[in-house]
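A short write-up of the structure that comes next.
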Amino acid sequence: MSREKILAAVAKNKPTLTPLPDIQDFGNPYSDLVAQFTSVLTTIGGTVVEVRSWEEIQQYVQTHFAGRRMVTNLAPLADMAQQSWLTSDPHSLDDVGLAILQGQFAVAENSAVWVTEAEMGQRVTPFIAETLALVIQKSAILPKMHHAYAQIGAAEYGFGAFIAGPSKTADIEQSLVLGAHGPKSMVAFLM
C-alpha cells in the first residue's frame, strides 16, 4: 500500500471529537490541611517540623545537621549555609548534606511540594543533596492536585517539579531503598 493511500485512510477515519469534561471545583475533603499533609509525608518517609520563625529552623538544623555541608538561597538562613554555590558548577554539589529551599506551595492529598528553577538555584539541587529541606507556608497548602494544577496552569517557569518525600524505589529485589535517585530524607518546615 502506498504512503498516500495510508495517509488518506487515516485522514478519512478520524474519530469524532469528544469535548473535554467540565471540571468543577472538587472542593476540600480535609478538615485540616496541615494534619493531612503531615500524615501523608510522614507515611512516605518524610519529616514535618512546624515552626514559627526562621530562628526555629536554624535551631533545628544546627541540632540535626551539624557538620554537614549546607546550601540555601534563602536570605534568612544565609549565615548558616553556603550561598556561593548558585554560580558554581553543579558537579560541585555532590557532597551537599542539606539543601534548604523554599517551596511555593504544597498539596495535602499527597504531600507534594511545588518547586521551580527559581527556588532551586540549580536544577540538580533538590535531587543531589543527601537531605532536602523545604520551607512552606501553612497557608500555601492546597487540598488536592486539581488545585495545584490550576495554580501553576498559567505560570511561567523553565523547570519545576512536585517533590514528595525522600527518593524511593523498591525494584531491587523488592526491597525499599531510600535515596537511590535523590535525597535520602526530606524535611518540610511548615511556617
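Read-outs: derived from the displayed coordinates by stated rules, not from any lab. Keep in mind that this is a model prediction, so the values were computed, not measured. Cβ sites come from the backbone with ideal geometry, for glycine too, and all protein chains shown count toward neighbours.
Table for the structure above
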| read-out | value |
| --- | --- |
| Principal-axis tilt of helix 3-12 within the chain, Cα atoms, nearest 10 degrees | 90 degrees |
| Qualifying trypsin sites (Lys or Arg not before Pro) for segment 46-88 [loop in DSSP, other Cβ within 10 Å: at most 13] | 52 |
| Hz values of 3J(HN,Hα) by residue in segment 42-58 - Karplus curve (6.51, -1.76, 1.60), Gly and Pro given as x | 5, 4, 8, x, x, 10, 10, 10, 7, 10, 10, 8, 5, 4, 5, 5, 4 |
| Amide N of segment 157-174 lying under 14 Å from the label point, which is placed 7 angstrom from the Cα of residue 118 along Cα→Cβ | 157-161 |
| Alpha-carbon centroids, segment 88-105 and segment 25-55: separation in whole Å | 23 Å |
| Per-residue ³J(HN,Hα) for segment 123-137, Karplus 6.51 cos²θ - 1.76 cosθ + 1.60, θ = phi - 60°, Hz, x for Gly and Pro | 4, 6, 3, x, 9, 9, 5, 5, 10, 10, 10, 10, 9, 10, 6 |
| Amide H partners (placed H, <5 Å) of residue 141, local residues excluded | 106 |
| For segment 24-37, 3J(HN,Hα) per residue [Karplus equation, 6.51 cos²θ - 1.76 cosθ + 1.60, θ = phi - 60°, Hz, x = Gly/Pro] | 8, 5, 7, x, 10, x, 9, 6, 9, 5, 5, 5, 5, 4 |
| Distance (nanometres) between label positions extended 7 Å along Cα→Cβ at residue 52 and residue 23 | 3.9 nm |
| Residue exposure sequence - 159, 189, 37 - by fewest surrounding Cβ within 10 Å | 159, 189, 37 |
| Exposure proxy ranking, count of Cβ atoms within 10 Å, fewest first, for 114, 85 | 85, 114 |
| Within the chain, helix-based [θ] at 222 nm, where runs of 4 or more DSSP H residues each add -39,500 (n - 2.57), nearest 500 | -6500 deg cm²/dmol |
| Neighbour-count order for 147, 91, 64, 181, fewest beta carbons within 10 angstrom listed first | 91, 181, 64, 147 |
| Computed over segment 1-119, Cα set: Rg, Dmax in Å | 24.1, 73 |
| FRET efficiency estimate (nearest 0.05) - Cβ-Cβ, residue 138 to residue 31, R0 22 angstrom | 0.90 |
